[in-house]
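Participant: This is the structure, below, for whatever I ask next.
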Amino acid sequence: MTTISSAVSTAATTTSTTSSTSSASSSLSSSDFLSLLISELQNQDPLNATSTTDFINQLTSYANFSQQQEINSSMTSLANSFSSLVTLNSVNYIGHTVEAKTDTATLTGGSATFGYTLSSAASDVSISIKDSSGNTVWSGTGSGNAGSNSFTWDGKNSSGTQLADGGQYTISVSATDSAGNSVYKYSTVSGTVTGIDTSSSTPALLVNGVSVSASNIIGVSS
């Protein structure tokens, strides 16, 4: 006699095999599970009927299967609600000037200003600016004060050519103390929040055209 456990295994295997041609058949529904159980009872051998223990185990499997589906549905609903809440809260930032942990800024008005924080004073600070393709367009030095530091790039590459506004550029900071230990913590960018980026599962803020997670906001000035 075929038990419900082996029937489910066979159905799952068949479903997996046919998933390449139809995504709709890639999962076993609650009604499918129950149909298999009923079919087993209808077609069992009267001389070798399903034992009470096996039948209870199969009913337990069905209950667990159904409960897992309900949990998955609830988690999906919770995730959607959380995403909507994050989006709603993020709207409150629109129009405000914020400071956020990020290393990317948009070249505007011929320049881009970055901030970076050091855990202690640095004896050597090297800065490089890269374009969106990862190419280094400028490199030089910066201040090494403990705490917050500011760096404004004039938008010119290493050859002195002024680059066009609108491009996104990333700052890379290497800061070490007199013993050669790194004291660099993180980079920041300040700007006005102009909108919400919902292209990913977690909504983000658009700060001067750069997508920044709301969790990376460390200050709001206006």
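The values are calculated or read from the model by the stated rules, or taken from the named source; none is laboratory data. What you are looking at is a predicted structure, and each value in this text was computed from that prediction instead of being measured. Cβ placement follows ideal geometry from the backbone for every residue including glycine, while neighbour counts extend to all protein chains displayed. Accessible surface areas use protein heavy atoms only, side chains included; no ligands, DNA or RNA. Shrake-Rupley method; radii C 1.70, N 1.55, O 1.52, S 1.80 Å.
Participant: Name the single residue that is surrounded by the most Cβ atoms within 10 Å (Cβ to Cβ) among those in region 171-180 being touching a residue at least 12 places away in the same chain (Cβ under 8 Å) and not in a strand (DSSP E or B).
Facilitator: Among those residues, the one meeting the criterion is D177.
Participant: Something else now. Might you check whether a residue that is polar (S, T, N, Q) and more than 21 Å from V210 (Cα to Cα) occurs anywhere in region 103-117?
Facilitator: Within region 103-117, not a single residue is polar (S, T, N, Q) and more than 21 Å from V210 (Cα to Cα).
Participant: Any idea which of (1) of a type in the set (D, E); (2) modelled with pLDDT under 95; (3) open to solvent by 50 Å² or more (accessible area, probe 1.4 Å) is the one D165 doesn't satisfy?
Facilitator: (2)
Participant: Within region 181-201, can one find any residue that is surrounded by 17 or more Cβ atoms within 10 Å (Cβ to Cβ), within 29 Å of the chain's Cα centre (by Cα) and in a loop (DSSP other than H, G, I, E, B)?
Facilitator: Yes, region 181-201 has at least one match.
Participant: Exactly one of (1) open to solvent by 40 Å² or more (accessible area, probe 1.4 Å); (2) touching a strand residue (DSSP E or B) at 6+ places or on another chain (Cβ under 7 Å); (3) aliphatic (A, V, I, L, M) is unmet by V210. Its number?
Facilitator: (1)
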